[in-house]
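The values are calculated or read from the model by the stated rules, or taken from the named source; none is laboratory data. Values in this document were obtained by computation on a predicted structure and should not be read as measured data. Quick reminder, even Gly has a Cβ in these numbers, built from the backbone with ideal geometry, and neighbours come from all protein chains shown.
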Amino acid sequence: MIALIILIAIVIIIVFFVVGTYNTLVTSRVRVNNAWSQIDVQLKRRYDLIPNLVNAVKGYMEHEKEVFIKVTEARSKAMNAEGIANKAKAEGQLTNVLKSLFAVMENYPNIKANENMMQLQEELVSTENKISFSRQHYNDVVAFFNTLIQKFPQNIIAGMFGFTGKEFFKVETEEEKKAPKVQF
């Protein structure tokens with residue numbers, strides 16, 4: 001009788017452990033998905049800002065159509081990129097194209113004096129900062145989740161229920177690691 005009570009207690013402890021571990025894994029996975037959603041929100045804000053920026057400078061930079069085409073194409077690729085690695089790569093390319101737009105804009109003093117451009121500059125800097133913070137937060141929760149599913153004995157529960165590691169949002173090149181410098 002005592003052996004049966006001990007066996008039942010052990011089974012109950014194991015069940016509570018499995019349920020607790022499973023719930024912790026689910027909570028962590030939801031945090032990863034939420035962090036990715038926050039990146040998407042900031043990227044959408046950036047995508048919405050770019051056409052305003054292009055339209056604001058078009059009148060001043062009539063001979064720079066190639067730059068506008070590159071910005072539009074890079075924005076489209078970034079918006080349509082699937083998967084974290086492809087999204088990171090497309091975002092890096094978009095950042096590089098925006099840098100070239102800003103470099104060309106420096107040749108136009110009227111743009112620097114435009115009040116709308118000053119406001120767009122502030123919004124862009126704010127958006128880039130928010131994207132950076134969102135990426136950092138995402139990578140932090142991914143690191144926590146990936147560590148959690150690799151630790152023993154959680155790795156057994158994670159394997160039983162199909163929890164797999166998440167991909168980090170990595171910057172692709174040294175050039176992309178540099179913060180965009182915006183000057184008007």
Quick check: anything in the stretch 4-15 over 30 Å from Ala74 (Cα atoms), in contact (Cβ under 8 Å) with a residue 40 or more places away in the chain, among the hydrophobic types (A, V, I, L, M, F, W, C) and part of a helix (DSSP H, G or I)?
-> no
Taking Ala78 as meeting all but one of (1) part of a helix (DSSP H, G or I); (2) buried (at least 18 other Cβ atoms within 10 Å of the Cβ); (3) modelled with pLDDT under 85; (4) of a type outside the set (Phe, Trp, Tyr), write down the number of the exception.
-> (3)
Only one of (1) under 19 Å from the mean Cα position of the chain (by Cα); (2) surrounded by 12 or more Cβ atoms within 10 Å (Cβ to Cβ); (3) under 25 Å from Phe161 (Cα atoms) does not apply to Gly83, and that is (2)
Look through Arg75, Arg45 and report the one residue that is of a type outside the set (Gly, Ala, Ser), in contact (Cβ under 8 Å) with a residue 40 or more places away in the chain and within 20 Å of Lys130 (Cα to Cα).
-> Arg45
Quick one: how many residues across the stretch 114-131 are in contact (Cβ under 8 Å) with a residue 24 or more places away in the chain and part of a helix (DSSP H, G or I)?
-> 12
What number of residues in the stretch 106-125 are closer than 14 Å to Asn52 by Cβ and among the polar types (S, T, N, Q)?
-> 4
Of a type in the set (Gly, Ala, Ser) and modelled with pLDDT under 80: does that describe Ala113?
-> yes
Collect the residues in the stretch 51-80 that are charged (D, E, K, R) and farther than 18 Å from Asn96 by Cα, keeping them in residue-number order.
-> Lys58, Glu62
